[in-house]
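Below you'll find the structure, written out as structure tokens, and then a few comments.
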Amino acid sequence: MKNKQFQILNRLLDKYENSAYFKGTSSKKRRITLKLYKMFPDYGKSDHYLETETIENEVEILLKLGFVTEGRSKDFGNREIVLNTDETVIDSIYQYIGRENLKQYRTVFLNEIKKCQASGFIKDFLQEIEKRTLEYQSLAPYLETNSVSELHDIIRILDAMINQQEEISFRRFSVMTLQDSKKLELYKNKIYHIAHDFYDDSFDNENEVFEHFGIMRNPSMIYVKGHMSFQIHNQMINLEDFDNQFAFFSEHINHLKIQCINVKNVITVENWTSFHDLKLNDSLIVYLGGFHNSILNEFLFKLYNYLGNQVKYLHFGDIDAGGFYIYLNLIQKTGIPFQTWKMDISTLKQYEMYTKPLTLNDRNRLLKLKEEYNQPVIDYMLKKNIKLEQEIITFD
């Protein structure tokens, strides 16, 4: 029957831990009360006499232990009890029911945060967690509770992500950081929210975050088409022999040696449909697939080192906040002087009937985007309340 005692004490401790006194925002203790019929709906009903008697007996034990005192109503079936908030009694209650003492646990948790040596966005994340813990706020969506082990795992993952130099599979990364091939799955959503809120708010999903740091669900492929020939492991490959389109695994990048490129432009394309539809004899076209990763970076570096400034570097993507963030990310990560292509006001006017209205989130992201990319097309989109997916754009 001890289960009833534990239920009652847990409910009282929940109320106690949510009180202003416990959180340090008030110096006055308030009475923590519990009317038993609110917790046990059948308590006090004439046709549930045995259950009522059982609950009464368990409450008598709690009274004798000194964990609770009588409330305003002492009547059988209508009893109210009050939590004894003496500090030593509270400690005894935690021990009695095997529950972590939240104040002690918070102290340990805060000390662990202070021990973490971090910089950049990881430091910002830890400062936010520390602030929320001190103010008794929820740690969601970054952490479930004040769990020291979970905190250590999250920091271990983040540290490994920013130091990951080569592409690695998701499961292998999980083994490397957590010694378990499946454990990273438990943290992927938390990692997404941390990366989105403290590193780059243009990430749209978990895969984008991990791929950005070279952690891949599947081996990544590089898709390219145009007039180009190159060598991999002593094998000569001419794109013209493959209908000007070719794909190769990321693991081949280190062995790729460019032999000849005969184009005027290098164009990166955000979406697959547009990459497939786009055919330009004077351009080398590379499928970007959203935020590019370190492998695509390396391939683009090889192109730039070979071609230099003899060609134009263009990027073609959605005419929305996400598309422009991907464009800026491309420039920042490669240092290559890419310019936007068909991501302008004239394109919006040409395909006006296919545009979509901006969401509130779209508007907020565009307004923030103006701080680093203040272009007329952004003002036009905000004024007209429109955006356009690149798949709409046709090539005759």
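Bear in mind these aren't lab numbers, they're just calculated from the coordinates by the rules spelled out. The structure displayed is predicted, hence computed values, not measured ones. In this analysis, Cβ positions are derived from the backbone assuming ideal geometry, glycine residues included, and neighbour counts consider all displayed protein chains.
Structure summary
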{"quantity": "Local net charge near residue 262, Cβ-Cβ under 11 Å (Lys/Arg +1, Asp/Glu -1)", "calculated": "-1"}
{"quantity": "Longest to shortest principal axis, alpha-carbon extents of the range 47-102, angstrom", "calculated": "39, 23, 18"}
{"quantity": "Principal-axis tilt of helix 321-334 within the chain, Cα atoms, nearest 10 degrees", "calculated": "70 degrees"}
{"quantity": "Hypothetical label at residue 15: residues of the range 83-106 whose amide nitrogen lies under 13 Å (7 Å Cα-Cβ projection)", "calculated": "83-85"}
{"quantity": "In degrees, nearest ten, helix 148-162 long axis to first principal axis of the chain (Cα)", "calculated": "10 degrees"}
{"quantity": "Residue pairs, from the table 115/182; 131/383; 123/333; 35/103; 312/370; 312/387, whose Cα atoms sit over 30 Å apart", "calculated": "131/383"}
{"quantity": "Proximal charge balance of residue 54 [Cβ under 15 Å; K/R count +1, D/E count -1]", "calculated": "-3"}
{"quantity": "Residues whose placed amide H lies under 5 Å from that of residue 214, excluding near-sequence neighbours", "calculated": "294"}
{"quantity": "Rounded tilt (10° steps) of 2-17 against the dominant C-alpha axis of the chain", "calculated": "70 degrees"}
{"quantity": "The chain - Rg over Rh from alpha carbon coordinates, Kirkwood radius", "calculated": "1.17"}
{"quantity": "Formal net charge of residues neighbouring residue 275 (Cβ-Cβ distance under 15 Å; K, R +1; D, E -1)", "calculated": "-3"}
{"quantity": "Size-normalised alpha-carbon gyration radius of the range 1-105, reference 2.2 N^0.38 Å", "calculated": "1.09"}
{"quantity": "Dipole-positive endmost among 337, 146, 276 within the chain (Cβ charges, Cα centre)", "calculated": "146"}
{"quantity": "Sites matching trypsin sites (Lys or Arg not before Pro) across the range 158-187 that sit in DSSP coil, with at most 11 neighbouring C-beta atoms within 10 Å", "calculated": "182"}
{"quantity": "Sequence of 114, 356 once ranked by neighbouring C-beta atoms within 10 Å, starting from the fewest", "calculated": "114, 356"}
{"quantity": "Per-peptide average of other Cβ atoms within 10 Å, ordering 119-129, 251-261 highest first", "calculated": "119-129, 251-261"}
{"quantity": "Size of electric dipole in the range 221-392: Cβ of Lys, Arg +1 and of Asp, Glu -1, about Cα centre, debye, nearest 20", "calculated": "440 debye"}
{"quantity": "Nearest-20 debye value, the chain charge dipole, Cβ charges on Lys, Arg, Asp, Glu", "calculated": "1100 debye"}
{"quantity": "Principal semi-axes in Å for the range 103-216 [√(5λ), Cα gyration tensor, largest first]", "calculated": "24, 15, 12"}
{"quantity": "Where Rh is the Kirkwood radius over Cα pairs, Rg/Rh for the range 53-144", "calculated": "1.20"}
{"quantity": "Centre separation in Å (Cα based) which lies between the range 77-148 and the range 316-361", "calculated": "45 Å"}
{"quantity": "The range 221-392, relative contact order [Cα under 8 Å, separation at least 6], %", "calculated": "20 percent"}
